[in-house]
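Engineer: This is the structure I want to talk about, given as structure tokens.
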Amino acid sequence: MKKYIFIIAAITLFSCKKELNTSPTDAISDQVVFSNISNAEEALNGIYRALYIQYAGQSEDGQGAMMINIDWMGDDVVHTAAGTSYFREAYKWNSHRDASSALTYFAYRFYYIIISNANSIINNIDAVEGETSEKNRIKAEALSLRAWGHFYLVQLFGERYDAGKENTQLGVPIMTTSNTDAHARNTVEEVYTQINADLDAAITLFGDAAARTAKTHFNLNVAEGLKARVALTMQDYATAASYAMKALNGFPLMTNTVYMAGFTDISNNEWMWGINQLADQLYTYGTFYTYMSANFYSSSHTKNNPKAINKLLYAKITATDVRKGLWDSTGKNTAFPIVNNGVRKAYMHRKYLVADINSTAGAIPYMRAAEMYLIAAEALAREGGHDAEAAEALYTLAVNRDPQYQLTTSTGTALLNEIMVQRRVELWAEGFRFLDLKRTNSALDRTNSNHTSALANILSVDAGDKRWQFLIPDDEMNANSLMEQNPL
């Protein structure tokens, strides 16, 4: 495997700088980095900082960029104009099928950077002198980050997990050390086995660990939430429902007033995990809010290509649902912000609003309690025999968003369809839709909506089509003699 490892100390030192130090990984030895608990903590902080630095260009700002790609490849986020070239080819379903593209290289590189640096902590923290509770927390967070990285990689580059078969299809290489020798791809089953082993170990360690230092870090709830996501993807519905309900403990749903306040405040009680991008840590362009905010003043994407909701999905939202107010079906509502020289478009959003229109600073949600209710509801509905429990889980969320919502009496497919609509509305543009379609073996269908072939290029893709897999980047194919490419 090509050496996609940043030195941990260099990442940590980046926190207030504009350039990433890519010195060789042996520039600072493990003995120095792990000479004491304080240094180990700084190494861990460096990994979290790596989640939102800008890598090789404006479309590579860490997880925020991947959230954009994942949603723009779905059917619920609509482009209303061409905008700039950034991310455009993802929306068209081109870049992830081009082994020489920036997207395939970045996605592969980014998650392995997180994994590689997590490995350094996992494999060294036990020998560090310090309080056991602090060491347990640091190791648990690193294990969670390694699981998180492998989970994204196998979802993007592997075939979907299918609980009805052995899952011997190719996944991605499992990396548990910093060894950069060539590695063959593990099977999808093997990758998920490793993910679950890491999460189980993390959850155990969190049980005897110090509290996390900030909401930007993993804790027990977030590890349980990730376990629920993984189980849902594996169609292990009992586990998904159980862990989802555990995870949301202590995270109440936000009020309707807060819901409409812009989705950029990490202090939101419903947010379980997120990052908080500060103004002095960012480029002017190339952040999540450059492309997804409704009011950043100096972005061609916010000026000329305001993002919209699929009008077919919008039509399913009841008039009394607070979430309906996130979108303007007319394109004429002056309560919706536009920037100087900006345009209004039908179904444009105001979900993401930066606090200062001159800056793309703001928090990004990685996990919310609402998602946990939706996982529980979906898992219970898919498991069979638990429709009433699924309806109750859905009701808790839905009545919070719509005071007129009544406990559904739907069962079976009708209940599941209602849950999935709620999921699409609630998690709009939070980085789920492409992966949701893939894990449920659903087709992409942008037809008869406000998507246009001129902008979207691709309006439909059959379930199971080879195009649901990202291609392995050319750099990895050239550097790794054991690597196998996905079907072209």
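What follows draws every value from the coordinates through simple rules; no lab data is involved. Every value quoted in this text rests on a predicted model; they were computed, and no experiment measured them. Heads up, the Cβs are rebuilt from the backbone with ideal geometry, glycines too, and the neighbour counts pull from every protein chain shown.
Engineer: What ³J(HN,Hα) values, in whole Hz, does the Karplus curve 6.51 cos²θ - 1.76 cosθ + 1.60 give for the range 335-348 when θ = phi - 60°, with x put for Gly and Pro?
Structural biologist: 6, 7, x, 9, 8, 3, 6, x, 10, 9, 9, 4, 6, 5
Engineer: In degrees from 0 to 90, rounded to the nearest 10, what is the angle of the helix 37-50 Cα long axis to the longest principal axis of the chain?
Structural biologist: Tilt of helix 37-50: around 40 degrees.
Engineer: Compute the Cα gyration tensor for the range 233-368, then decide on rounded, prolate or oblate, letting a ≥ b ≥ c be the square roots of its eigenvalues: rounded whenever a/c is under 1.5, prolate when a/b is larger than b/c in the other cases, and oblate in all that remain. Walk me through the numbers on the way to the answer.
Structural biologist: Numbers: a/c = 2.06, a/b = 1.35, b/c = 1.53.
It comes out oblate by the Cα gyration axes.
Engineer: What is the order of E392, E166, E476, fewest Cβ neighbours within 10 Å to most? Please list the in-between numbers first.
Structural biologist: Working: E392 16, E166 9, E476 22.
Ordered by Cβ neighbours within 10 Å, fewest first: E166, E392, E476.
Engineer: I'm a student and want to see the number: the projected area of the Cα convex hull of the range 184-254, averaged over all directions, in nm². Please list the in-between numbers first.
Structural biologist: Values: hull surface 24.1 nm².
It is 6.0 nm².
Engineer: Output the Kirkwood hydrodynamic radius of the range 267-311, Cα pairs only, in Å rounded to one decimal.
Structural biologist: Evaluated on the range 267-311, it is 12.4 Å.
Engineer: Residues with amide H under 5 Å of E270's amide H, sequence separation 5 or more or different chain, H placed in the peptide plane at 1.01 Å from N; which?
Structural biologist: Amide H neighbours of E270, under 5 Å, 5+ apart: M254.
Engineer: Given the C-alpha centroids of the range 42-59 and the range 199-245, what is the distance between them in whole angstrom?
Structural biologist: What the calculation gives is 23 Å, centre to centre.
Engineer: Between helix 63-72 and the chain, what is the angle of the helix's C-alpha long axis to the longest principal axis, kept within 0 to 90° and rounded to the nearest 10?
Structural biologist: 40 degrees
Engineer: Which aspartates and glutamates have a Cα less than 13 Å from the Cα of K246, not counting those fewer than 8 places away in the same chain?
Structural biologist: Here the aspartates and glutamates satisfying the reach criterion relative to K246 are E224, E371.
Engineer: Round to the nearest 10 and give me the degree value, 0 to 90, for the angle of helix 132-157's Cα axis relative to the longest principal axis of the chain.
Structural biologist: 60 degrees
Engineer: For the range 94-168, what class follows from the C-alpha gyration tensor (a ≥ b ≥ c being the square roots of its eigenvalues): rounded when a/c is under 1.5, otherwise prolate if a/b is larger than b/c, else oblate?
Structural biologist: Details: a/c = 4.07, a/b = 1.82, b/c = 2.24.
Oblate is the answer for the range 94-168, as a/c is 1.5 or above yet b/c matches or exceeds a/b.
Engineer: Residue-wise, which Karplus ³J(HN,Hα) couplings in Hz belong to the range 250-267, taking 6.51 cos²θ - 1.76 cosθ + 1.60, θ = phi - 60°, and x for glycine or proline?
Structural biologist: Once rounded to whole Hz, the list reads x, 10, x, 5, 6, 6, 5, 5, 5, 4, 8, 8, x, 6, 10, 10, 5, 6.
Engineer: Given the rule -39500 (n - 2.57) for each run of at least 4 DSSP H residues, summed and divided by the residues of the chain, what is its mean residue ellipticity at 222 nm, to the nearest 500 deg cm²/dmol? List each step's numbers first, then the result.
Structural biologist: Working: 20 runs with 209 residues, N = 488.
Mean residue ellipticity, 222 nm, calculated: -13000 deg cm²/dmol.
Engineer: Return V322, V188 ranked ascending by Cβ neighbour count within 10 Å, so the fewest neighbours appear first.
Structural biologist: On the way: V322 16, V188 24.
If I rank by nearby Cβ atoms, fewest first, I get V322, V188.
Engineer: Looking at H301, L143, S359, which one has the Cα that reaches farthest to the positive end of the dipole of the chain (charges on Cβ: Lys, Arg +1; Asp, Glu -1)?
Structural biologist: H301
Engineer: Below 8 Å between Cα atoms, with a sequence gap of 6+, how large is the relative contact order for the chain in percent?
Structural biologist: Working: 957 pairs, mean separation 99.0, N = 488.
Relative contact order here is 20 percent.
Engineer: Please report, in debye to the nearest 20, how large the charge dipole of the range 231-333 is about its Cα centre when each Lys and Arg carries +1 at its beta carbon and each Asp and Glu carries -1 there. Let's see the in-between values first.
Structural biologist: Working: 8 positive and 6 negative charges, 88 e Å.
Once rounded to the nearest 20, the dipole reads 420 debye.
Engineer: Pairs to check: K227/K466; K165/K466; K92/K466; K215/K351; K316/K345; K311/K332. Give those whose C-alpha atoms are more than 25 Å from each other in this structure.
Structural biologist: K227/K466
Engineer: Straight-line reach from K438: which aspartates and glutamates have a Cα under 13 Å away, not including same-chain ones fewer than 8 places off?
Structural biologist: List returned: D71, D75, E159, D162, D462, D465.
Engineer: What size of dipole, in debye to the nearest 20, comes out for the chain about its Cα centre when the only charges are +1 on Lys and Arg C-beta atoms and -1 on Asp and Glu C-beta atoms?
Structural biologist: Working: 43 positive and 52 negative charges, 344 e Å.
Using only the charged Cβ atoms, the result is roughly 1660 debye.
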